[in-house]
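S.K.: Please see the structure below; I have some questions.
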Amino acid sequence: MSAAALLAIAAGVLVLLEMLTLDFTLLMLALGLLSASAALALNVPDVWAGAIGLIVSVTSLGFLRPLALRAFRRGPGIRTGTDALLGSSGVALTDVTDVGQVKLRGEVWSARAFDGVLIPAHSRVDVIAIEGATAAVLAAESGEPR
């Protein structure tokens, strides 16, 4: 088996191990091994192929890994669950004071007026907070529910 094939197999092993760590270090080293493997497959002298692999590994560890970690840890920025309701609009199904019901994104929620002021039924409301299973809402200025 050629050295290029062995380096490619070693890179594959590093990629598999990377799936266990999710630290992107092994992935960057695998990139270096793959580049050295490609250089050897193109009949580049061993010393130069090793240098190419080292340069690619160090460069990717220094530049690509921080970018990948930042993107991975930041996440997609999608709000889910009750966080997704904050700031959204809905419609009061009943009069809302200390108790009431509103429709938010197609679901009926128990609600209370955030400031204690009566919100008439069929009024547009904005969600200020979610407290357990109750939405704290304020009457919207005007317009249709979103």
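Any read-out appearing in this document is the output of simple, stated calculations on the displayed coordinates, not a laboratory observation. Computed from a predicted structure; not experimentally measured. All Cβ positions, glycine included, derive from the backbone under ideal geometry; neighbour counts span all protein chains shown.
S.K.: What is the gain in length, in nm to one decimal, between A121 and L93 on full extension, counting 0.36 nm per residue of separation less the C-alpha to C-alpha distance? Write out the running numbers ahead of the final one.
M.R.: On the way: separation 28, 0.36 × 28 = 10.08 nm, distance 0.53 nm.
Once the chain is fully extended between A121 and L93, it gains 9.6 nm.
S.K.: Given the convex hull of the Cα atoms of region 49-97, what is a quarter of its surface area in nm²?
M.R.: On the way: hull surface 22.6 nm².
The orientation-averaged projected area of the Cα hull of region 49-97 comes to 5.7 nm².
S.K.: Could you give the size of the charge dipole of the chain about its Cα centre, using +1 on the Cβ of each K and R and -1 on the Cβ of each D and E, expressed in debye and rounded to the nearest 20?
M.R.: Working: 10 positive and 12 negative charges, 70 e Å.
So the magnitude is around 340 debye.
S.K.: Take the Cα gyration tensor of region 81-139, multiply each eigenvalue by 5, square-root it, and list the three semi-axes largest first, rounded to whole angstrom. Please list the in-between numbers first.
M.R.: On the way: eigenvalues 46, 26, 18 Å².
Output for region 81-139: semi-axes of 15, 11, 10 Å.
S.K.: Next question. Do me a favour and compute the ellipsoid semi-axes for region 3-74 from its Cα gyration tensor, root of five times each eigenvalue, largest one first, whole Å.
M.R.: Working: eigenvalues 114, 37, 8 Å².
Ellipsoid half-lengths, sorted descending, are 24, 14, 6 Å.
S.K.: Taking only the alpha carbons of the chain, what extent do you get along each of the three principal axes, in Å, biggest first?
M.R.: Over the chain, Cα extents along the principal axes are 81, 24, 21 Å.
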